[in-house]
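To start, the structure under review is shown below, and the notes come after it.
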Amino acid sequence: MREVTASNVFREPSELPAGPYGVVALGNFDGVHLGHQAILDTARKRAHEAGGRAFALTFDPPPAKVLFPAQAPPLITTPEDKLDLLSRSGLDGGLVMNFTRELSLLTPDEFVRRYLVSA
C-alpha cells in the first residue's frame, strides 16, 4: 500500500496507472475530518479486500467556488495540506480534477462513465 504523495496524485483520470481500481472515494475532503477518515478507511478496506486499489477523487477548485462563488465557504486547508492529510489515509493515490462549470453539467451517470469507468 502506498501513501498519497506527489508521485501518485494525478490531475486527469487518463494519467492513472493501469490496474484494478476497486473503490474511488469522491469528495471535497476539506479538513479530512473524522467523517472523511471513516469514508477513506472504508474505501481502502473494500478495495483491498477485492484485490484492487483505492483512490480519493477531489476537485480543485472546490465546486462551490465555481458554482456559487459569493456563498462559497472559506477553505479549511490548502490543497497541499489536504494532500498531506490524505497521505495518512493509507490510500493508494489521489486524483485532483479541475472543477469547471462544464463538468458540473454532466449527469451523475455521464460523470461515472466518462471519468470513473472508462478512465
*Considering only residues that are in contact (Cβ under 8 Å) with a residue 60 or more places away in the chain and among the polar types (S, T, N, Q), look in segment 6-39 and name the one that is nearest to Pro108 (Cα to Cα).*
Ser14
_Residue under question is Thr58, and the condition is that it be touching a residue at least 24 places away in the same chain (Cβ under 8 Å), in a loop (DSSP other than H, G, I, E, B) and open to solvent by less than 40 Å² (accessible area, probe 1.4 Å); does it hold?_
no
*So how many residues does segment 15-37 have that are more than 13 Å from the chain's Cα centre (by Cα) and either over 15 Å from Leu57 (Cα atoms) or open to solvent by less than 40 Å² (accessible area, probe 1.4 Å) (or both)?*
7
*Any idea which of (1) in contact with a Lys or Arg (Cβ under 7 Å, 6 or more places away or on another chain); (2) open to solvent by 40 Å² or more (accessible area, probe 1.4 Å); (3) among the hydrophobic types (A, V, I, L, M, F, W, C) is the one Ala47 doesn't satisfy?*
(2)
*Select from segment 63-95 the residues that are closer than 20 Å to Gly52 by Cβ and either in a loop (DSSP other than H, G, I, E, B) or among the β-branched types (Val, Ile, Thr) (or both) and list them in ascending order.*
Ser89, Gly90, Leu91, Asp92
*Restricting the search to segment 105-119, which residues are surrounded by 12 or more Cβ atoms within 10 Å (Cβ to Cβ), part of a helix (DSSP H, G or I) and out of contact with any helix residue (DSSP H, G or I) (no Cβ under 6 Å at 6 or more places or on another chain)?*
Phe111, Val112, Arg113, Arg114, Leu116
*When residues of segment 30-89 are filtered for being within 29 Å of Ala18 (Cβ to Cβ) and touching a helix residue (DSSP H, G or I) at 6+ places or on another chain (Cβ under 6 Å), how many remain?*
6
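Scanning for something β-branched (Val, Ile, Thr), out of contact with any Cys (no Cβ under 8 Å at 6 or more places or on another chain) and open to solvent by less than 20 Å² (accessible area, probe 1.4 Å), does segment 87-97 turn up at least one residue?
Narrowing segment 87-97 to residues β-branched (Val, Ile, Thr): 96.
This time we only want the ones that are out of contact with any Cys (no Cβ under 8 Å at 6 or more places or on another chain), so: 96.
From what's left, open to solvent by less than 20 Å² (accessible area, probe 1.4 Å): 96.
Within segment 87-97, one or more residues are β-branched (Val, Ile, Thr), out of contact with any Cys (no Cβ under 8 Å at 6 or more places or on another chain) and open to solvent by less than 20 Å² (accessible area, probe 1.4 Å).
The values are calculated or read from the model by the stated rules, or taken from the named source; none is laboratory data. As the structure is a computational prediction, the values presented were derived from the model and not from experiment. A quick note on method: Cβ atoms are made from the backbone with ideal geometry, for glycine too, and the neighbour counts reach across all protein chains shown. Accessible surface is based on the protein model in full, side chains and every heavy atom, while ligands, DNA and RNA are left aside. Shrake-Rupley method; radii C 1.70, N 1.55, O 1.52, S 1.80 Å.
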